[in-house]
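J.: Submitted below is the structure of interest, expressed as structure tokens.
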């Protein structure tokens, strides 16, 4: 299945000069969405993984069904103020300023093996912050999975030397 045919391009969003890759059209297509989950499952079904960590919010969309398929737990990585217990925090750079992600300090038992999942790899700042959070819990990051990768933005360069998979590259 050619997943690119299920992703809508929106020029000049959220600002002029940006070509936005809209996954809502992929999510509306049950066969396409199922194909994504099938592909991710195939990539990781033979890996030793204890948990999937998904980055707010679209990492939740792909990470939870993948966790179900792999029979592992799911842990959300969220924006500040959304998690009710003690958290680790990691800041990352945006085009104009910074943002922050958080994870519960007790998200994983010590030594857990974690796969990080998100919808898109662009500049890598968000994913890099998430990898720091997983490390702060004392867990091992075993890989990172994305549905889409914007290769021209070189986001992989900000990430640790670990297996990174993306289903679609632009």
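The values are calculated or read from the model by the stated rules, or taken from the named source; none is laboratory data. Model, not experiment: these values are computed from the prediction. Glycine also receives a Cβ, built like all others from the backbone with ideal geometry; neighbour counts cover every protein chain displayed.
J.: Which condition breaks for residue 101 when tested against (1) under 27 Å from residue 46 (Cα atoms); (2) at pLDDT 95 or above?
T.: The one condition residue 101 does not meet is (1).
J.: Also, I was wondering about something else. For residue 24, state whether it is free of Cβ contacts under 8 Å to residues at least 40 places away in the same chain, in contact with a strand residue (DSSP E or B) (Cβ under 6 Å, 6 or more places away or on another chain) and over 18 Å from residue 162 (Cβ atoms).
T.: Values: free of Cβ contacts under 8 Å to residues at least 40 places away in the same chain: yes; in contact with a strand residue (DSSP E or B) (Cβ under 6 Å, 6 or more places away or on another chain): no; over 18 Å from residue 162 (Cβ atoms): yes.
Answer is no for this residue.
J.: Also, quick follow-up: Restricting attention to the stretch 79-98, which residues are at pLDDT 95 or above and touching a helix residue (DSSP H, G or I) at 6+ places or on another chain (Cβ under 9 Å)? If you could, list the steps in order and put the result at the bottom.
T.: Our first condition is that a residue be at pLDDT 95 or above; within the stretch 79-98, this holds for 79-91.
Of everything in the stretch 79-98, those that are at pLDDT 95 or above and touching a helix residue (DSSP H, G or I) at 6+ places or on another chain (Cβ under 9 Å) turn out to be 87, 88, 89, 90, 91.
J.: Same structure again: Output yes when any residue across the stretch 65-75 is farther than 24 Å from residue 143 by Cβ and without any contact (Cβ under 8 Å) to a residue 24 or more places away in the chain, and no when none is.
T.: Within the stretch 65-75, none of the residues are farther than 24 Å from residue 143 by Cβ and without any contact (Cβ under 8 Å) to a residue 24 or more places away in the chain.
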